[in-house]
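See structure below.
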Amino acid sequence: MTSAESVFHLALRDFHATAGATFGLHNGWSLPLSYVGVPEEYEALRGRAVVFDRSDRSRFLIAGTDALDVLKTIFAGHVEEIEEGRAMRTVSIGDDGNIADLVLIARTGGISYFVSGEPGRRTDTSARLRRAVAPGFDVQIDDRTETTCLLGLAGPAATEVVNNHLSEALPARLQTLQCATFEFHGFRTLAVRTSDTGEDGFEFVLAPAVAQHILETLRDARVPLAGLQALEIARVEACIPGYNPDLEPGLSPAEADLDTLLDVPGGRADRILAALLIEGSPAPVGTRISIEGSPAGELRSSVRSPGLNATIGLGIIDVRHAFPGQGTKIGESGATVVAKPFFRRRT
């Protein structure tokens, strides 16, 4: 990946362009917004499976006898309980008590870990990791963001697709939040079973040339590519916050409604990130939320959901108003607080 005028480009940008991608800026990255159309890509995600490029996320390898001590300094939760071959989602918390990054940590070996973080948080997380290395520590921090790709595969048929086209052995031994390496045409690839779309899914960390080979293999198998816009709809439907725009105003884990889910300290709890069913069209980030004319918070993510045939969103509101059925106004449009998530696949 290279940067020009503070814009980062995917290593496989040319492949995506040839595949018909329309690009747009998001968190400093030029990313595929869609290929054949958002409704079609969304329908493919919910109907069978899609593949997508997540290489805007940060990627670090942390290894050494003191690697765990470094991770425990930076990340909340029970990092020491991650067994080899397992993964967990957690957060890093800044000195102000706010979430500084949302990460996936996978223990790939006895003293080696893979950490994937939110787009736009790479520099901050890298600096915090390196500051946590005390004199005499045996630890190596390797930033692999620009030398690897991160591909995602998600949908109700994700396991079938992996089994038929990538690795017969992988799905049988890989459960949710487990990780393993496997060979794809002779090349080693790290796989983590995870998804933030509300569907079953996998993420693969691999060299750019191998990533392109996988994309071509799946395209030949009629597994469509999905762009950012369809994935954002799925993310909001699953009520999974993104750092930008949902957490950027500065939220504690309790305010982000992640403390119980991730088993991390809550912090402040005077407001919360709530799910909202909105009348009308999506509104800009930061649009005021009011109740009976009084300010009650602000809107963060909002999308039009084809599956629900409705506009939905995530907004920061006073915790005393965060109960299902509470009527609000988002700008001039009516809205209602609803239970999370909007979408959950029944299995």
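Hey, among Pro249, Pro253, which residue is open to solvent by 10 Å² or more (accessible area, probe 1.4 Å) and either assigned to a loop (DSSP other than H, G, I, E, B) or free of Cβ contacts under 8 Å to residues at least 40 places away in the same chain (or both)?
Within the list Pro249, Pro253, the selection yields Pro249.
Give the number of residues within region 266-281 that are in a loop (DSSP other than H, G, I, E, B) and either among the small types (Gly, Ala, Ser) or within 21 Å of the chain's Cα centre (by Cα) (or both).
Residues in region 266-281 being in a loop (DSSP other than H, G, I, E, B) and either among the small types (Gly, Ala, Ser) or within 21 Å of the chain's Cα centre (by Cα) (or both): 5 in total.
When you scan region 54-98, how many residues do you find that are over 17 Å from Asp124 (Cα atoms), hydroxyl-bearing (Ser, Thr, Tyr) and surrounded by 20 or more Cβ atoms within 10 Å (Cβ to Cβ)?
Total meeting the criteria: 1.
Which residue is farthest from Arg46 (Cα to Cα), if the candidates are limited to region 192-241 and must be open to solvent by 10 Å² or more (accessible area, probe 1.4 Å), within 20 Å of the chain's Cα centre (by Cα) and of a type in the set (Asp, Glu)?
Once the filter is applied, the top-ranked residue is Glu203.
Which numbered condition in (1) modelled with pLDDT of 95 or more; (2) surrounded by fewer than 23 Cβ atoms within 10 Å (Cβ to Cβ) is the only one that Asp101 fails?
Checking Asp101 against (1) modelled with pLDDT of 95 or more; (2) surrounded by fewer than 23 Cβ atoms within 10 Å (Cβ to Cβ), the one that fails is (2).
Go through region 109-122 and report how many residues are more than 17 Å from the chain's Cα centre (by Cα) and surrounded by fewer than 21 Cβ atoms within 10 Å (Cβ to Cβ).
4
Of all the residues that make up region 282-323, how many are closer than 28 Å to Glu43 by Cα and without any contact (Cβ under 8 Å) to a residue 40 or more places away in the chain?
Going through region 282-323 one residue at a time, the tally reaches 6.
The values are calculated or read from the model by the stated rules, or taken from the named source; none is laboratory data. Every value quoted in this text rests on a predicted model; they were computed, and no experiment measured them. Cβ coordinates were reconstructed from backbone atoms using ideal geometry, including for glycine residues, and neighbour counts include every protein chain displayed. These area figures cover heavy atoms from the full protein model, side chains too; ligands, DNA and RNA do not enter into them. Shrake-Rupley method; radii C 1.70, N 1.55, O 1.52, S 1.80 Å.
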